[in-house]
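S.K.: I have a structure here, written as structure tokens, and I will follow up with some questions on it.
The values are calculated or read from the model by the stated rules, or taken from the named source; none is laboratory data. Because the structure is predicted, anything quoted here is derived from the model rather than measured. Note that we place each Cβ from the backbone using ideal geometry, even for glycine, and neighbour counts take in every protein chain shown. In case anyone asks, the SASA skips ligands and DNA or RNA and just uses the protein heavy atoms, side chains included. Shrake-Rupley method; radii C 1.70, N 1.55, O 1.52, S 1.80 Å.
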Amino acid sequence: MNASAQRRVAILISGGGSNMLALLRSMTGDHPARPCLVLSNDPQAAGLARARALGVPVAAVDHRPFGRDRAAFEAAVLPHLQAARADIIALAGFMRVLTADFVGRYTGRMLNIHPSLLPKYPGLNTHARAIAAGDAEAGCTVHEVTAELDAGPILGQARVPVLPGDSAQTLAARVLEQEHRLYPAVLRRFAAGDRTPVFL
Ligand code: GAR
């Protein structure tokens, strides 16, 4: 695919960025997208150095000085996404809730990965909640981001068994392995304009 036809992907992170790395590593060869920016709300996020080491432009906008003013934080983030000419926004362990106004700017162009089989367990502590409920299966979901938290159209899911003796940590590790398979598979399809869900 020629470079001008490739979609430009900005990845938003808050932490180690293992999903971000999986996405970055996938965007080579005939992939219909290329990374244009990795941005974190935490200037100390380990993922920033990892992205930089791969030659990807990085930026940080610390959310803390903005307090509860989400719109002001987003107003500081937006120029970075615009300067990078991002076509697609991939949230990858980005732990800030976004306003409806911000999400609306990227309708149909913003993805998120969530560590549960949505619509089960939106929000936090997904693995502990799956174990406490006695679920036989857990997993992860990639979905389009809409104004309602973790509720947009599902673009893919991967499932794992919950094993006897699992803790939230052991289950999280098993799910995370699948996240690293699922998110690149969904992004590849999505960037090519195909929203058919991927089930692994
Ligand atoms: C991942 O498990 C991701 O699904 C989760 O945070 C982790 C980030 O890990 N995201 C959420 O909980 C979003 N609400 P990573 O930084 O290694 O990709």
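S.K.: How do the pairs read when you match residues in segment 22-33 that are without any contact (Cβ under 8 Å) to a residue 60 or more places away in the chain and more than 14 Å from residue 183 (Cα to Cα) with residues anywhere that are open to solvent by 20 Å² or more (accessible area, probe 1.4 Å) and in a loop (DSSP other than H, G, I, E, B), using Cβ under 9 Å and keeping only pairs 6 or more apart or on different chains?
M.R.: 30/1
S.K.: In addition: Return the total of residues in segment 152-181 being of a type in the set (A, V, I, L, M), within 12 Å of the ligand (Cβ to nearest atom) and over 14 Å from the mean Cα position of the chain (by Cα).
M.R.: Initially, segment 152-181 is screened for residues of a type in the set (A, V, I, L, M), giving 154-155, 158, 160, 162-163, 168, 171-173, 175-176.
Okay, now just the ones that are also within 12 Å of the ligand (Cβ to nearest atom), so 158, 168, 171-173, 175-176.
Among the residues that remain, those that are also over 14 Å from the mean Cα position of the chain (by Cα) are: 158, 168, 171-173, 175.
Summing the residues that are of a type in the set (A, V, I, L, M), within 12 Å of the ligand (Cβ to nearest atom) and over 14 Å from the mean Cα position of the chain (by Cα) in segment 152-181 gives 6.
S.K.: Select from segment 119-140 the residues that are free of Cβ contacts under 8 Å to residues at least 40 places away in the same chain, within 12 Å of the ligand (Cβ to nearest atom) and open to solvent by less than 60 Å² (accessible area, probe 1.4 Å) and list them in ascending order.
M.R.: Selection gives 121, 122, 123, 126, 138, 139.
S.K.: If I ask for residues that are within 13 Å of the ligand (Cβ to nearest atom) and open to solvent by less than 10 Å² (accessible area, probe 1.4 Å), which ones from segment 6-16 would you list? Give the derivation first.
M.R.: So in segment 6-16, the residues within 13 Å of the ligand (Cβ to nearest atom) come out as 11-16.
Selection gives 11, 12, 13.
S.K.: Cβ contacts < 8 Å: first residue among the acidic types (Asp, Glu), restricted to segment 93-108; second residue open to solvent by 30 Å² or more (accessible area, probe 1.4 Å) and within 11 Å of the ligand (Cβ to nearest atom), any location; separation 6+ or different chain. Result?
M.R.: From residues that are among the acidic types (Asp, Glu), there are no pairs.
S.K.: For segment 147-196, what are the residues that are among the acidic types (Asp, Glu) and assigned to a helix (DSSP H, G or I)?
M.R.: Filtering segment 147-196 for residues among the acidic types (Asp, Glu) gives 148, 150, 166, 177, 179, 194.
If the condition is that a residue be among the acidic types (Asp, Glu) and assigned to a helix (DSSP H, G or I), then 177, 179 are the ones that fit.
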